[in-house]
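Throughout, read-outs are computed from the coordinates displayed, never taken from laboratory work. Remember, predicted model here, so these are calculated numbers, not experimental data. Positions of Cβ are backbone-derived with ideal geometry, glycine not excepted, and every protein chain shown enters the neighbour counts.
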Ligand SMILES: [Mn+2]
């Protein structure tokens, strides 16, 4: 019998914090009331928010130089689901997982779906992997996959994506996320337009195989592992591809896949306007695709992205239905703690952006009152909505203090006993 955090333990830990939580919640409620905001409405709103956890995120990641495994790491998809279940049990904001193939391959996907349901989890977008060679693979992706110059290699990559759709269908997923590492390291290595044309040819086959209610998410990235050119390098290339493919193709924004200082919230606004925003891979960064914890380096940027999202939601922008996923690499922290902290920071940005009085902001913008417009946005950002988030968790049966509770539960120590270390776990960076 594997160790699980019991409902009794959770209730007992929460009981210790309930009085303080009630006090903080009431104080914030009075403050928000003076601003014409109902804390109850905000708490209910917080309770509706959800973000998917990547199955690859619960293992320790690594860099190009090394990987330092943590104790009690998940050894397979079954252990990963267990860890993802704990993240949702305590935060109540991550009810789905985003799986990755072939890393999460099993023989029976119906059984896997039921196993996830026992952890109160469902499946979000499935991710294909043509950025590394698998054992026994016929054609190598060293010089590309969906855009490879050799047709047989492209077709192998296409077949893998078709297989991912089939697996996803069995898991109850309705989207395929495609990120390719294809690109070049040297000027002259690749014909920039020919590579894009081949991408379109490959993606068209994948697109045509999508079930009616499915979407394909195209993920762009400006560099790494290719360091001179990337085939789908930016939102422009992604948008062009999605536009040519058709209504079931949308653009996925991984926050780390942009040059430093890029105005990501403006890209988000443009994609919303075009009805082409697929959703997000949330993470944070200082320099490049650092895959750090969401909200850990630049929480203001995360908030500004949500400012656009909440604006689009409230004005019911056409075709607006973004998928929210985390995509991080945890190298020096316990991945469960990092994912819980990140999910909470993402939910925080959602609630903060919801505090903005849209009519007042619009009036300030139209009236040329620059400082007022800025202050409205900034006031929402500096409001500490922690008591709302804690209350949303408490009401949904989660933990008032998820990381504190996780630590005192001894979960990791128990898993370390249950899970002897294995070679080559499938954790990484996407
Ligand atoms: Mn990503």
Using Cα springs under 10 Å in a Gaussian network model of the chain, which residue among 328, 132, 89 shows the largest mean-square fluctuation? 132
State, in angstrom, two size descriptors of segment 314-358 derived from its alpha carbons: Rg to one decimal place and Dmax to the nearest whole number. 14.3, 41
Mind ranking 8-20, 381-393 by how tightly packed they are, going by the mean number of other C-beta atoms within 10 angstrom, highest first? 381-393, 8-20
Segment 17-144, Kirkwood Rh and Cα Rg, ratio Rg/Rh at 1.14
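Helix-derived [θ] at 222 nm for the chain: sum -39500 (n - 2.57) over DSSP H runs of at least 4, divide by residue count, nearest 500?
Helix contribution divided over all residues of the chain: -15500 deg cm²/dmol.
With only alpha-carbon atoms in the gyration tensor, what are the semi-axes of the equivalent ellipsoid for segment 261-305, in Å, largest first? Spell out each step's value before the answer.
Details: eigenvalues 83, 22, 17 Å².
Semi-axes, largest first: 20, 10, 9 Å.
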For the chain, what is the largest minus smallest coordinate of the Cα atoms on each principal axis, given in angstrom and ordered from greatest to least? 65, 63, 41
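Sorted by mean Cβ packing within 10 Å, highest first, what order do the peptides 314-321, 278-285 take? Mind showing how you got there, number by number?
Details: 314-321: 12.2, 278-285: 25.0.
Output ranking for 314-321, 278-285: 278-285, 314-321.
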Residues of segment 224-266 with backbone N under 18 Å of the label point set 7 Å from the Cα of residue 185 along Cα→Cβ are 224-231
Ratio Rg/Rh [Cα only; Rh per Kirkwood] for segment 252-367: 0.99
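Taking each pair of different alpha-carbon atoms in segment 138-284 once, compute 1/r for the pair, average those values, and report the inverse of that mean as the Kirkwood hydrodynamic radius in Å to one decimal. It would help to have the intermediate numbers written out before the result.
On the way: mean 1/r = 0.0642 Å⁻¹.
By the Kirkwood definition, the hydrodynamic radius is 15.6 Å.
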Convex hull around the C-alpha positions of segment 339-430: the volume in Å³ per residue is 146 Å³
Order these peptides, 353-363, 250-260, by their mean beta-carbon neighbour count within 10 angstrom, highest first. 250-260, 353-363
Could you list log10 I(q)/I(0) for segment 1-77 at q = 0.12, 0.13 Å⁻¹, which the Debye formula gives when each Cα is one point scatterer? -0.71, -0.78
If I model a spin label at residue 27 and residue 259 as a point 7 Å from the Cα along the Cα→Cβ vector, what separation in nanometres do I get? 4.5 nm
Need one number: nm distance between label points at residue 111 and residue 138, each 7 Å from Cα along Cα→Cβ, rounded to one decimal. 2.9 nm
